[in-house]
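These notes are about the structure you will find just below.
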Amino acid sequence: MDLPAAWPLTDAASLDLRDELLAAYADPTRGYHDVRHLGEVLTRLDELDRAGATFDRAPVLLAAWFHDGVYDGERDAEERSAAWVERALPGLVADEVVTEVARLVRLTETHRPEPDDLGGCALSDADLAILASDGARYDEYVATVRVDYRHVPDDLFVTGRTAVLEDLLAKPRLFHTSYAREHWEEPARANVSAELARLASTQPGGDQPGDQLA
């Protein structure tokens with residue numbers, strides 16, 4: 001995907017912001033939450049749109065751009081990303097769009113949209129679609145998540161990652177749009193279950209580290 005061309009705003013005044021976001025995702029210290037992830041989320045949103053999912057594209061696309069604008073493996077990354085929205089977007093879009101984009105970014109901390117939250121359902125599904133990847137891509141995802149948390153000792157990482165995966169499997173459904181449920185739910189649950197089985201062979205201990213590990 002040509003990411004600069006996928007920026008949803010057309011006015012020249014927004015291009016510096018686009019480039020700041022691209023630079024943040026391109027930070028060489030990032031693992032999974034990088035420009036590839038941004039491109040995959042935008043691609044999945046296009047896929048949902050083509051499949052007939054109903055959502056307001058403008059705020060959802062902006063939220064996709066911002067949702068991991070801040071990512072450093074520490075707490076409150078989603079909140080700090082939403083705060084960036086609230087600093088940067090006023091004057092570029094209507095106030096109600098700023099509010100909606102910030103809300104959607106905050107939602108990516110839990111991926112638990114209400115059923116009638118069409119934008120939240122689309123963004124959550126696109127962000128979690130990595131879970132339904134083929135085996136090779138899923139293995140890359142797992143390895144690069146570990147890079148994002150390289151400051152976390154192995155035992156604490158395993159504890160935290162296990163908790164995240166168990167929480168995902170405890171959800172009645174991982175995906176909320178009908179297309180994603182049909183196409184992504186089964187392979188995602190299979191991948192997560194297999195990763196949990198691999199983690200179970202370790203002996204974690206201590207408290208969960210500070211972020212979602214996902």
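On inspection, Ala77 does not qualify as touching a residue at least 24 places away in the same chain (Cβ under 8 Å), open to solvent by less than 60 Å² (accessible area, probe 1.4 Å) and over 30 Å from Phe157 (Cβ atoms). From the residues in the stretch 1-11 that are open to solvent by 40 Å² or more (accessible area, probe 1.4 Å) and part of a helix (DSSP H, G or I), which one is nearest to Thr144 (Cα to Cα)? Per the criteria, the residue is Pro4. Taken over the stretch 153-168, the criterion of being farther than 19 Å from Ser201 by Cβ and either open to solvent by less than 60 Å² (accessible area, probe 1.4 Å) or more than 17 Å from the chain's Cα centre (by Cα) (or both) is satisfied by Leu168 alone.
To keep it simple, each residue is scored yes or no on (1) within 14 Å of the chain's Cα centre (by Cα); (2) over 21 Å from Thr10 (Cα atoms).
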| position | (1), (2) |
| --- | --- |
| Glu96 | no, no |
| Arg106 | yes, yes |
| Glu114 | no, yes |
| Ala122 | yes, yes |
| Asp125 | yes, yes |
| Ala129 | yes, yes |
| Ala132 | yes, yes |
| Glu140 | no, yes |
| Ala143 | no, yes |
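Where helices (runs of 4 or more DSSP H) fall entirely within the stretch 12-77, those with at least 3 residues that are within 14 Å of Ala88 (Cα to Cα) are at 15-25, 57-66.
Listed residues Val85, Val98, Val60; which is over 20 Å from Val35 (Cα atoms) and either open to solvent by less than 30 Å² (accessible area, probe 1.4 Å) or among the polar types (S, T, N, Q) (or both)?
Of the residues listed, the single one that is over 20 Å from Val35 (Cα atoms) and either open to solvent by less than 30 Å² (accessible area, probe 1.4 Å) or among the polar types (S, T, N, Q) (or both) is Val98.
For Asp125, the stated conditions do not hold, so it cannot be described as modelled with pLDDT of 95 or more and surrounded by fewer than 21 Cβ atoms within 10 Å (Cβ to Cβ).
Of the residues in the stretch 143-199, how many are of a type in the set (Ser, Thr, Tyr) and farther than 20 Å from Ala51 by Cβ?
So the count comes out to 5.
Would you point out the residue of the stretch 91-138, among those that are part of a helix (DSSP H, G or I) and of a type in the set (Val, Ile, Thr), that is nearest to Arg173 (Cα to Cα)? Restricting to residues being part of a helix (DSSP H, G or I) and of a type in the set (Val, Ile, Thr), the top hit is Ile130. Checked against (1) of a type outside the set (Phe, Trp, Tyr); (2) within 16 Å of Leu9 (Cβ to Cβ); (3) open to solvent by 10 Å² or more (accessible area, probe 1.4 Å); (4) in contact with a Ser or Thr (Cβ under 7 Å, 6 or more places away or on another chain), Leu118 passes all but a single condition, namely (2).
The values are calculated or read from the model by the stated rules, or taken from the named source; none is laboratory data. In this text, all values refer to a predicted model and were calculated from it rather than measured experimentally. Cβ atoms come from the backbone with ideal geometry, glycine included; neighbour counts cover every protein chain shown. Keep in mind that these areas ignore ligands, DNA and RNA; they rest on the heavy atoms of the full protein, side chains included. Shrake-Rupley method; radii C 1.70, N 1.55, O 1.52, S 1.80 Å.
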